[in-house]
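Okay, structure first, notes after.
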Amino acid sequence: MASRILYLILLSSSSLCKKILEYKFNNNFGQIFYDYSENNLHAVNGESSLVDIYDTKPTDRGAFFAKDQENRIKLPPNNFTTTNFYISPTFSIILWVMVGNSYDYVIFYRYNESKDYKIKIKRGMLNNCIWTRFKYKSFDTDPLLGPDDSFLSGKWELLILTFENGIGSMYVNGILKISYKCPLDFIEEETFYYTYLGSFDGTKSVEGFIWYLAIFDNVVILKNYYGNEYSPGNCLTSKCPNSCDPSIVEDGQMNCISENFDSFENAEFEYCPNDCEYGCSKNNCLNCDLSLKSCEIASDQNICLCLLNEILSDKKCTCPDKNYLYLCECLSCHPDCATCEQENKCLECIDNNSSPHTIEGCKCNDGYYFEPLSESTSCNPCHEECSKCEEALICLTCKDNNASPTDTQGCKCNDGFYSLNLTTPFSCLSCHEECKICDQQNHCLICIDENSNPHEYQGCQCNDNYYKSLDNKCIPCIENCLKCDNSISCLQCYPPYHGDFCDFCHSSCITCSGPSYYECIQCSQYNLDGVCVEDCPLGFIKSSNTCENINLSSPTIKFTFTSVGDYFEDSISLLKAYKITETAPFSAYLRGVYFPGQGSLKVELINQMMLSSTFTFSLWINPQYYSSCIIDKFSNNSTQFKVFIINYKIITQIQTDNIYQVESYISVNTNYWNHILISVNKKVISLTINKIYTNQTSFSDTVFIDSLSSDFFIGSDNDIKNTYIGFIYIIESFTYIPNIEFLTTNFCDNCDLCPADGICIPLCMIYEYLYNTIKCENCPETCPIGCKSNNQCNLCADPTCISCPSLNELTCYECMAGYEVANSTCRTCKKGEYYEKDSKICKECLEGCLACISEFICTECIENSRLLDNKCKCDQGYFLTQKCERKIFIAKISITEDNIITLLFSEEPNKILIPKNIQIFIDKKSIDFTLNILTSSSYTIIPNLPNTYTENSILTLSIYKNLTSIYNSLISNETISIHLFLTEESKAKRDEEKKVENAKKVAKLGSVASITATLGLSFLTLDFTSFFYFLNGAEIFYTTILFNIDLNLILSKFLLSLKVPDYIPNIYKNAVDINKGRQMNLKLQDFGFETNLIILNSGVHITVLTIIIAIFIIIKFLSSFKCLEKTLEKPLSMFKYGIFLRFWLQTYYELLIVTTFGLKYNNWENTTQIANGIICIIVLMAQVLGLYIFTYTLLKRLFAKSEEEIEALEAKYNTFFGEFDRNGIFNKFFYALYLLRRTVLVLTFHFSKDKGLQLAISVSFSFIISFYVASVRMFKTKTANFYHFTNEMTTAVFFSVVLGDLLYEKDKMSEKAAMVCIYLIIVAWILSIFCSLMGNLATVIEKIKTCIMKKRRIQNQEECVTVHERDINGRTKETIGLD
């Protein structure tokens, strides 16, 4: 199932082309048939393009398969195209063939390796019928035969096999011959399929021609390939029959093909030339002997059809530069080649300075060397001295015969020769006779004698330890001699020798002035005051094997003991004096360090010399016992230097070749501060106590040399005995003998002698502290080993510090447990840290821990995490960085050429998406879309594309922010954008929609113009018949939408815009809830009837009726006033019958549609539906009543005899008779036809599904009415007769066009027919306006004439009265006169 889904996803994003493959055998021939679908699925002639044993024969009518032969064409995979191809679940196979009447061999056959899948097409010879078989897994149609004579021989036939939704259909010349239903979901799943035209596996091939083969991944449109009978004006071969049926459609045009079945003749029934190996086109032999074995016919000539990357040149396929032809494919030459015939065999080289190599590629000419020869400048010139080379500077041979290649650059002259320029032959000249190698004639570089070296000016000279004899030979000096002039004495010895006979120096010397160790001149390591040492002591630097003193004005070592901790550090050389025991000695505030006689300090010097041959120690001590050791420098199991007290006397001991010591003759003071200064100046040691010089001792001929590694003890000797009791304030060491005045002073504040700063060292005991710089006070009892003040035992400035380098500054080395040193101060661990006892530092808790007590135990977790097994774990859907951050999963989209979007999630969402979870915008405007699920993490989206989108439009998709995955990851809030494709379908749809909009505008404009003109002109005469005529005609047009046909969209929207009722407001539209109605079919919805509710669908008619009744009531009320009674008599009489009958007549058709469909869809389920049904029944009864009244009146009029009865009837029902001439019995049936037509159409809406019946009825009625009007001429006016005749004829033509297009297209109405229909409706508009204008003008003119005649009659009457009065007056006068 997953593989099928994947296949469908891939299929949805396939290429633009719907063709899978396409072959044109009429035009393309040879060993290879080109795939014109541009998918490179090329077929081969026969079984292989390399042999011709099974080849078909090329003709100008396509590939010919001979009778009883194994001719075949093999589709991919084959030896040329190894790629397989797959047929989609929906496909079409198209073949144009002309076969003979031989045995029914195979035309097309496709099968898989397991043979459980087959598609086979054959011709049944016995019955001249089409034959096919489809087998897929367990489903097998077995052979299926079409009707007899469904596949004739000797004529061209179009075979189309389609498969869609499991239904297979076999068409011959566009007529369905075979159909079958596969119950399985068809999909090609295996990886290897075989496809043949003709024979396969030893079978015989069909006899005949194949002109064309194509396979599509959809169901094709028949008219793109098939035409009916056609008399040729277009012939695809050089000669065609007079007519053909079927005709082949190419590029939208119908064509014929020659039906000559003789493959040895051309299409003109002429034999091919004798030299034609195969078929011919006219006199052109179809022999494809060109390079690629695939040809096309062009202008009756064979040209090479270039596949893959070949280039057509001079009617041949050639490869581009640096390529050669192999098996119809251009392959790359060797990179060195400009042209080649084989991969490694060059014909021409890219570089002009190279030539083809006999084995592979190219080689550079002499004087040039190559890097890869793939450029025109690859062969670079050799070094100018080379005749041949392989690198730029390295020669293989040289231009001069007396020269040889060097390893680095160019050439050099051979031994005994020199040259300044080796670019020409014979440039190497002879050297001096003593020279082996020279650069000038007399200037040697290397000498012939191995014990000599080149002389500065000429020839050679003897080396050191040699002298030149009289015969110019180099003779050795005595042993260890550097320079000599004879063989018995030396002028200069080699180090470490000295003297005329080169005696040995001390082992430590390189050069010396004598045999002793302190007589060294030059040392192998470092010279320290004439003594060779391994390393320089402290205070010295190494400079050219010499120790150079850099501390001539300051101490080298300085222990001030102003810190607290396990060790004390000197502030100059950073030596560390560690406590040997944990408790003692210990710091004393302002008094240095106190030794209680139970411990000492030790300085380890490893590979480090502490003292030079000249040094000074300066000490401030306050001893509390008369005998003890102060310092002891110990190395190699012996003491080198030692200072100790015996019976209050200072004794200093030093060891060189012997042990020497000096003793003071004055005593030191106990419980008092004493300054001791010991100086050693090479061979003299001196002692000064409290600025009093006491004694000195000289050494023998030796000097003090310190050891490279030693231990320096303070407060005891090396075996930790004779320990010191008391204070030591400072110990300093110098590399020189300082002036004591710079170290001490007698100008002190409260003492006789003090350090040079003039501040006395307090004399307080260890259990005391100096109070107010004046007196000593006892420490508190809580302070076991001294104190800093009466309230602070800890000497460090920070109370929590237990080891500090300074007692007065906030600096610390080590803190109490629970505190760590941070920036030299003590601090407690912060939240998120724990204290590690071993390292004594605060360490960060594990990531995710807000608080912890150790590295592995968390006690509090950060947000969005929980405690699990003493560790903090992020909640599901979160990942750990510095905090638990929400995991994000993403969505990606891809788009097909049809703008179908595939939405893929990186994690499966925790719920199935619905459209409201997604927003889609195109060019920042929201659009609707259809969402379909593919898998749990993928969807397809079909957007409803707006008309305004372009190829530059961007679709943006956003997903609601709170969407989570099944792993509780949160969807990314980034919007996703992708460019839309502007497809041909979209362009066509857009063009169609533009035409629709234009059609709607024209319809509305025409309707408004017609209504305005006819209604306005009617007001001139108060005769509204022309307006009613327009409404009747428009009604017939726009109800065409309800017919059982698929109108063209342009015409459909045009007709909908003609609906006159839509221009009148519906005052009842809010009287009922539309949701209470039942939805009707799509056609009725398109017509404007969304539901079956009559109040909404006929609200306009009810609105008009309401207005008519209101006017009637008003007129009735006003007529009750005597002053208005006579004036309103005529309008009142019109309302009595005329207006209501006219309303019934005009609304009959639409109300009949509304009521019948309203009842049809009524379900009587709720109050609204019940009320709707009752109203529909009432209205329908009113319509039936109207029919009854009309029928009764018409019959009564037909049988009326007296003029009075006729006049009374016509006056009462003037609506039915007023428009017609009273003479003639057949003049009164117009409205009968009017009503019958509409009634019949409504009945067909309900009871007929035939697509042509309603059109036929409409055409028939239009012709009947038009002929009825033309023959009877029943209307009183000529314009009315003319209008109805021309309007009905126009209507008949309208419906005839629709009917004819339906019969021709058999699908959907064409745009061309739709435009003809629109033009016919426009003609009907023009007729309506014209006839209304002419009719109303004639009426106006007639009324004017009547008025004029009336005035004339009145004038004549007045004149007659006047004359008559005159006559009476005259006669009266005459009578009077007579009297």
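Report D for segment 578-687 in µm² per second (integer): Stokes-Einstein, Kirkwood Rh on Cα pairs, 20 °C, 1.002 mPa s. Estimated via Stokes-Einstein, D reaches 141 µm²/s.
Principal-axis analysis of the Cα atoms of the chain puts helix 1025-1038 at an angle of about 50° to the longest axis.
Once you list every other residue whose beta carbon is under 9 Å from the beta carbon of Ile87, what net charge do they have if Lys and Arg are +1 and Asp and Glu are -1? Mind dumping the intermediate values first?
Values: positive: Arg110; negative: Glu188, Asp217.
Once positives and negatives cancel, what remains is -1.
Percent of accessible area on segment 748-787 owned by carbon and sulfur, 1.4 Å probe? Before the final figure, lay out the partial values.
Details: 1300 of 2520 Å².
After summing per-atom areas, the C and S share lands at 51 percent.
Annotation: amide H of Arg1078 within the under-5 Å range of Asn1092, Leu1093, sequence separation 5 or more or interchain, hydrogens built in the peptide plane.
Model label sites at Glu741 and Lys775, defined 7 Å from Cα along the beta-carbon direction, differ in position by 3.8 nm. Backbone geometry of segment 156-169 corresponds, through the Karplus equation with coefficients 6.51, -1.76 and 1.60 at θ = phi - 60°, to 3J(HN,Hα) couplings of 6, 10, 9, 9, 10, 10, 10, 9, 8, 6, x, 9, x, 9 Hz, x marking Gly and Pro. 3J(HN,Hα) along segment 219-232: 8, 6, 8, 4, 5, 6, 10, 10, x, 6, 4, 9, 8, x Hz, from the Karplus curve 6.51 cos²θ - 1.76 cosθ + 1.60 with θ = phi - 60°, whole Hz, x for Gly and Pro. Residue pairs exceeding 30 angstrom between C-alpha atoms, taken from Lys18/Lys181; Lys18/Lys204; Lys925/Lys994; Lys642/Lys837; Lys18/Lys177: Lys18/Lys204; Lys642/Lys837.
Legend: Rg and Dmax of segment 372-487, from Cα coordinates, 20.0, 70 Å. Here's the picture: a label point sits 7 Å out from the Cα of Asp321 along the beta-carbon direction, and within segment 341-369 the residues with their amide nitrogen under 13 Å of it are 348-352. Along each principal axis, taking the top coordinate minus the bottom one, the Cα set of segment 29-78 gives 33, 23, 14 Å in descending order.
The fraction of Cα-Cα pairs per 20 angstrom bin, counted from 0 for the chain, comes to 7, 16, 15, 16, 15, 13, 11, 5, 2, 1, 0, 0 percent, rounded to whole percents. Post the alpha-carbon centroid distance, segment 483-522 to segment 933-971, in whole angstrom. Going from one Cα centre to the other spans 97 Å. Between the beta carbons of Ile914 and Asp148, assuming R0 = 41 Å, the FRET efficiency works out to 0.15 to the nearest 0.05. The alpha carbons of segment 1202-1267 stretch over 50, 24, 15 Å along the principal axes, in descending order.
In square angstrom, rounded to the nearest 10, how much accessible surface does His979 have for a 1.4 Å probe? Number for this one is 100 Å².
Lys and Arg at +1, Asp and Glu at -1: add these up for the other residues within a Cβ distance under 12 Å of Tyr466 and post the number.
Working: positive: Lys468, Lys473, Lys483; negative: Asp449, Glu450, Asp464, Asp485.
So the surrounding residues net to -1.
Principal axis analysis of the Cα atoms in segment 1145-1268 yields extents of 56, 35, 19 Å, listed in decreasing size.
For Gly279, nonlocal amide neighbours, meaning residues 5 or more places apart or on other chains whose placed amide H falls under 5 Å from its own, are Leu286.
Note the direction-averaged projected area, equal to a quarter of the hull surface, for the Cα convex hull of segment 502-608, in nm².
Details: hull surface 36.5 nm².
Computing the convex hull of the Cα atoms and averaging its projections yields 9.1 nm².
Taking 10 °C and 1.306 mPa s as the conditions, I'd like the Stokes-Einstein D for segment 624-765 in µm²/s, using the Kirkwood hydrodynamic radius from alpha carbon pairs. Write out the running numbers ahead of the final one.
Details: Rh = 16.0 Å.
It comes out at roughly 99 µm²/s.
When every Cα-Cα distance of segment 1143-1218 is counted in 5 angstrom steps from zero, the calculated P(r) takes the values 3, 15, 19, 16, 12, 11, 9, 7, 5, 3, 1, 0 percent. A viscosity of 0.890 mPa s and a temperature of 25 °C, combined with the Kirkwood radius over C-alpha pairs in the Stokes-Einstein formula, give segment 1033-1115 a diffusion coefficient of 173 µm²/s.
On the basis of the beta-carbon distance and an R0 of 30 Å, Phe1330 and Lys1116 show a calculated FRET efficiency of 0.20. In this simple spin-label approximation, Ile966 and Ala1071 carry label points 7 Å from Cα along the Cα→Cβ vector, and these lie 5.7 nm apart. Residues in segment 770-775 carry Karplus couplings, in order, of 7, 9, 6, 6, 10, 10 Hz; the curve used is 6.51 cos²θ - 1.76 cosθ + 1.60 with θ = phi - 60°, and Gly or Pro positions show x.
In this rough spin-label picture, where each label sits 7 Å from Cα along the Cβ direction, the Tyr626-Gln882 distance is 7.1 nm. Partner lysines whose Cα lies under 22 Å from the Cα of Lys1201, excluding those fewer than 8 positions away in the same chain, are identified as Lys1212, Lys1228, Lys1276. For the chain, the longest principal axis of the alpha carbon atoms and the long axis of helix 1278-1305 meet at an angle near 50°. Give the carbon-plus-sulfur fraction of the accessible surface of segment 1234-1306 in %, rounded to a whole number; probe 1.4 Å, heavy atoms of protein chains only. In segment 1234-1306, the share of accessible area belonging to carbon and sulfur is 69 percent. Surface exposure of the chain, expressed per residue as accessible area with a 1.4 Å probe, stands at 51 Å². The Rg/Rh ratio for segment 42-201, using Cα coordinates for both the radius of gyration and the Kirkwood hydrodynamic radius, is 0.95.
Rounded to the nearest 0.05, what FRET efficiency is calculated for Ala1270 and Glu1359 with R0 set to 56 Å and r the Cβ-Cβ distance? If you can, show how the numbers build up before the last one.
Details: r = 48 Å, r/R0 = 0.85.
Efficiency computed from Cβ-Cβ geometry: 0.75.
Mean projected area of the convex hull spanned by the Cα atoms of segment 183-228, taken over all viewing directions: 6.2 nm².
Provide the three semi-axes, in whole Å and in decreasing order, of the ellipsoid equivalent to segment 687-811 as defined by the square roots of 5 times the Cα gyration tensor eigenvalues. All intermediate terms of the calculation are to be shown ahead of the outcome.
On the way: eigenvalues 230, 93, 45 Å².
With the √(5λ) rule applied to segment 687-811, the semi-axes are 34, 22, 15 Å.
Determine the share of segment 480-576's accessible area contributed by carbon and sulfur atoms, expressed in whole percent, with a 1.4 angstrom probe.
Working: 2410 of 4910 Å².
Percent of accessible area from carbon and sulfur atoms in segment 480-576: 49.
Once the chain from Gln522 to Glu190 is taken as fully extended at 0.36 nm per residue, the excess over their C-alpha distance is 110.4 nm. Calculated mean residue ellipticity at 222 nm for the chain: -7500 deg cm²/dmol, from DSSP H runs with n ≥ 4 weighted as -39500 (n - 2.57), summed, divided by the residue count and rounded to 500.
The values are calculated or read from the model by the stated rules, or taken from the named source; none is laboratory data. The shown structure was predicted, so the numbers you read here are calculated from the model rather than taken from an experiment. Cβ atoms come from the backbone with ideal geometry, glycine included; neighbour counts cover every protein chain shown. Areas reflect the complete protein model, heavy atoms only, side chains present, ligands, DNA and RNA absent. Shrake-Rupley method; radii C 1.70, N 1.55, O 1.52, S 1.80 Å.
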